[in-house]
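J.: Take a look at the following structure, please.
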C-alpha cells in the first residue's frame, strides 16, 4: 500500500522517469566514458614515467662513461666532452640527473679521482645550477638541495654565501648549511655556534657530531666552549656540553659546573651527563651538592650517574635519601648504597627490619641487581 502511494506521488513519478531504460542507458554510457578516460589517464602517466625512466638512464649511462674515463685519466683536461652530450644537457632534467650522478660518485671516491669529478662538474657548468637552487628563497627544498650539491662538490669559494644560511629561518636549509660548513672546514666551521639564534634539534646535533668524527683527530676546543656555554640559545649550550664530553675537554670543567644552575632543565641534564664523562674524585661531591636543588628527573639522572662513581664518602648522603618521600628516589639511592658503599647492604637490612614496607621490597630488588 505504501509502495503504491509512493509511486502515485510526484516524487515517485519522477523516480520512475529517472529510472527509465533510456536514462539508464545514458547513465551506463557516461560511466563507460568516465572509466575509459581514467584508463587513458593512467596509461598516459605510466607511459610518461617509462619515457622519463629511459631518458634518465640514457643520461646516467653517458655520465658513467665520462666518470670511467676520469678514473683512468690523470686530469679532466685530457677528456673531451662531445658536443652531443652538451646538447643533451640543454634539458634541465638532464642536468639534474648529471648532478645527482656526479655527487653520488664523489661520495665513493677520494684523492685525484674525486678532484676530477669536481672538475667535470665545473666544466659542465653544473655549479651554476646548484648555485641557482641555493639562491631560491621561496622553495626551501631547492635551496637545501643546492647547498648540499655545492658542499659535496667542494665549492669552498662559496663558503661565505653558505655560512649566511646557517641561521636561516627554515630548519632544513640551516641544517644543510651547518653540515656544509663542517664538511668543508672541519672544527673551524663550528664558529656558526657564535651567531645562530634558532634551535639546534637533537637530530641536527647528532648529525654535526657524526660529521666532526670524520676528521679523526681530537681538537682542543677549550678556548671556544666557555663562550658557547654562555649562549642565550639553550640548544647551543647543550651542544657545547656534548662537544666537551665527546672530545674530553677537561679544561672547561669549571664552566660546565656553572651549567648546573642553568635555568633550562635540558642544559642541567646534559651538564650532569658531561660531568660524568669527565668524572674525577670530586665529581660525586659536586653532584650530591646540587641534588636537592634539582627537579625529579635530574635527581634520577644524578643517582643513575652515582652508580658508577660513588664511594663510601657518599654513604651519609645516600642513607638520608632512604627517607625521601618518593619511592623511586628511595630505590635508586638504595641500589647505589648497596653496590658502592661498604656498609650499604647492612644499612638496608637494618631499615627493612625496622620498616618492612617498603624496604623489604627494596632490599629484595637490590639483591637481584647487585
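The values are calculated or read from the model by the stated rules, or taken from the named source; none is laboratory data. As the structure is a prediction and not an experimental result, all values here were calculated from the model. Note: ideal-geometry Cβ built from the backbone for every residue, glycine included; neighbour counts use all protein chains shown.
J.: Going by the conditions given, is residue 193 in contact (Cβ under 8 Å) with a residue 40 or more places away in the chain and either assigned to a helix (DSSP H, G or I) or touching a strand residue (DSSP E or B) at 6+ places or on another chain (Cβ under 9 Å) (or both)?
T.: Yes, satisfied.
J.: Those residues that are part of a helix (DSSP H, G or I) and surrounded by fewer than 18 Cβ atoms within 10 Å (Cβ to Cβ), I need them from the range 230-244; list them, please.
T.: 234
J.: Okay, next question. If I filter the range 138-147 for residues that are part of a helix (DSSP H, G or I) and within 23 Å of residue 64 (Cβ to Cβ), do I get at least one hit?
T.: For the range 138-147, residues part of a helix (DSSP H, G or I) and within 23 Å of residue 64 (Cβ to Cβ): present.
J.: Considering only residues that are surrounded by fewer than 14 Cβ atoms within 10 Å (Cβ to Cβ) and outside any helix (DSSP H, G or I), look in the range 208-229 and name the one that is modelled with the highest pLDDT.
T.: Once the filter is applied, the top-ranked residue is 223.
J.: Does residue 48 satisfy the condition of being surrounded by fewer than 15 Cβ atoms within 10 Å (Cβ to Cβ), farther than 15 Å from residue 149 by Cβ and under 37 Å from the mean Cα position of the chain (by Cα)?
T.: When the stated conditions are applied, residue 48 passes them.
J.: Could we say that residue 115 is surrounded by 10 or more Cβ atoms within 10 Å (Cβ to Cβ) and either modelled with pLDDT of 85 or more or not in a helix (DSSP H, G or I) (or both) here?
T.: yes
J.: Just checking, how many residues over the range 121-150 are modelled with pLDDT under 90 and crowded, with 21+ Cβ neighbours inside 10 Å?
T.: Residues that pass the stated criteria total 0.
J.: Taking residue 200 as the residue in question, decide whether it is closer than 27 Å to residue 181 by Cβ, under 18 Å from the mean Cα position of the chain (by Cα) and outside any helix (DSSP H, G or I).
T.: Taking the combined requirement at face value, the residue satisfies it.
J.: Between 323, 297, 280, which is exposed (fewer than 13 other Cβ atoms within 10 Å of the Cβ) and farther than 30 Å from residue 202 by Cα?
T.: On the way: 297 fails: farther than 30 Å from residue 202 by Cα; 280 fails: farther than 30 Å from residue 202 by Cα.
Within the list 323, 297, 280, the selection yields 323.
J.: Still on this structure: Six or more apart or on different chains, Cβ atoms under 6 Å: show the pairs whose first residue is in the range 295-317 and part of a loop (DSSP other than H, G, I, E, B) and whose second is surrounded by 13 or more Cβ atoms within 10 Å (Cβ to Cβ).
T.: 307/336; 309/279; 309/283; 309/284; 310/284; 310/336; 310/340
J.: To continue, here is another question. Is it the case that residue 352 is without any contact (Cβ under 8 Å) to a residue 24 or more places away in the chain, crowded, with 17+ Cβ neighbours inside 10 Å and assigned to a helix (DSSP H, G or I)?
T.: yes
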